[in-house]
1. Applying 1/(1 + (r/R0)^6) with R0 = 41 Å to the Cβ-Cβ distance of residue 118 and residue 35, what FRET efficiency is obtained, to the nearest 0.05?
2. Rounded, prolate or oblate: pick one for the range 184-305, where a ≥ b ≥ c are the square roots of the eigenvalues of its C-alpha gyration tensor, a/c under 1.5 means rounded, and failing that, prolate if a/b is larger than b/c, else oblate.
3. If we count every other residue with Cβ under 13 angstrom of residue 153's Cβ, Lys/Arg +1 and Asp/Glu -1, where does the sum land?
4. In percent, what relative contact order does the chain have, based on Cα pairs under 8 Å that are 6 or more apart in sequence?
5. Over the range 41-93, what per residue volume does the convex hull of the Cα atoms give, in whole Å³?
6. Using the per-residue mean of other Cβ atoms lying within 10 Å as a proxy for protection, in what order, highest first, do the peptides 270-277, 288-295 fall?
7. I need the per residue convex hull volume for the chain, using only the alpha carbons, in cubic angstrom as a whole number.
8. Figure the gain on full extension for residue 199 and residue 82 (residue separation times 0.36 nm, minus the Cα-Cα span) and round it to one decimal in nm.
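Coordinate-derived values only; no laboratory data. Computed from a predicted model, the values in this text were never measured in an experiment. With ideal geometry, Cβ positions are generated from the backbone for all residues, glycine too; neighbour counts draw on all protein chains shown.
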Amino acid sequence: MPDPTAFVPSTLAPPTSAPGLGASGAGDAEFAMTRADFDQVRRLIHRHAGIHLADGKEAMVYGRLARRLRETGHATFAAYLQYFERTVAAGGAGAEAEVQQFINCLTTNLTSFFREEHHFPALSEDLRARAAVGGSQPLRIWCSAASTGEEPYSIAITVLESLGASARVEILASDIDTQVLSVAERGVYPADSRGLSGERLRAYFQRGTGPNSGRIRVRPELARLTRFATFNLVNGDWSRLGGPFDIVFCRNVMIYFDAATQRRVLQRMHGVLKPGGLLYVGHSENFSDARELFRLRGKTVYERV
């Protein structure tokens, strides 16, 4: 990429559109893929990432994994999947790397700044209430599906707007997909990214010049609030997340899990939240069957019981 240091304070107009993220084609049928291959992919991605692939996703799987077949030099899905199983069975760094590549291919990343906008006024109110109580420890927020970074940076903007530049807040932003997480860490986006007002563009982003024209970069005050890390909600080591969180964002993630996996993840979320901590979820997610863990506090906002 051109020199990312060539950024100046933003004077951009409000955006009107944003490119889609995470879309893939169905491929050009250069590889053979059978129903048995598809079913094996379904088993593997469920085992390693908890993702439940429904029937009818064959074209998506083909399009996403075809590039991995090209990279590894396999002529059929069956050959690649045999290679994958052998590599995983051998263990070590090679197995971890191949599993990560497999997961990166099959995860979906659809995001934007201030997506599901109703959550951010609610977050602002909660931040002010918690800051008013005080305490010796900073407020801790976990954005557990950071994708390319728009969500954690929206959280960081809300923190600064609500509590000011001296806010004592730590934001952990994690994702299972290492490729999108590298984009998030860089914090560089198209200037017409959806969800940002002109005022927020000027206040929280630097505008690219010269070869970086048409791009924006998050200001250091956003970056300092946010730490990025790879984390697998299904197979990850939850103890390494650190101390308990005041707030967790886990939006539009559980829709990819089956009921049993959802339950396990909710139990672990309960375990890392402080008493009375809040869980922000996606608009299509409902956890009323986990009332002993969470009670509904607001529109798709749950409170730890």
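1. Calculated value: 0.45.
2. Prolate, since a/c reaches 1.5 and a/b exceeds b/c.
3. Neighbour charge sum, excluding residue 153 itself: +2.
4. With pairs under 8 Å counted, the relative contact order is 22 percent.
5. 90
6. Averaged packing, sorted descending, gives the order 270-277, 288-295.
7. Hull volume normalised by residue count: 150 Å³.
8. So the chain would gain 36.8 nm between residue 199 and residue 82.
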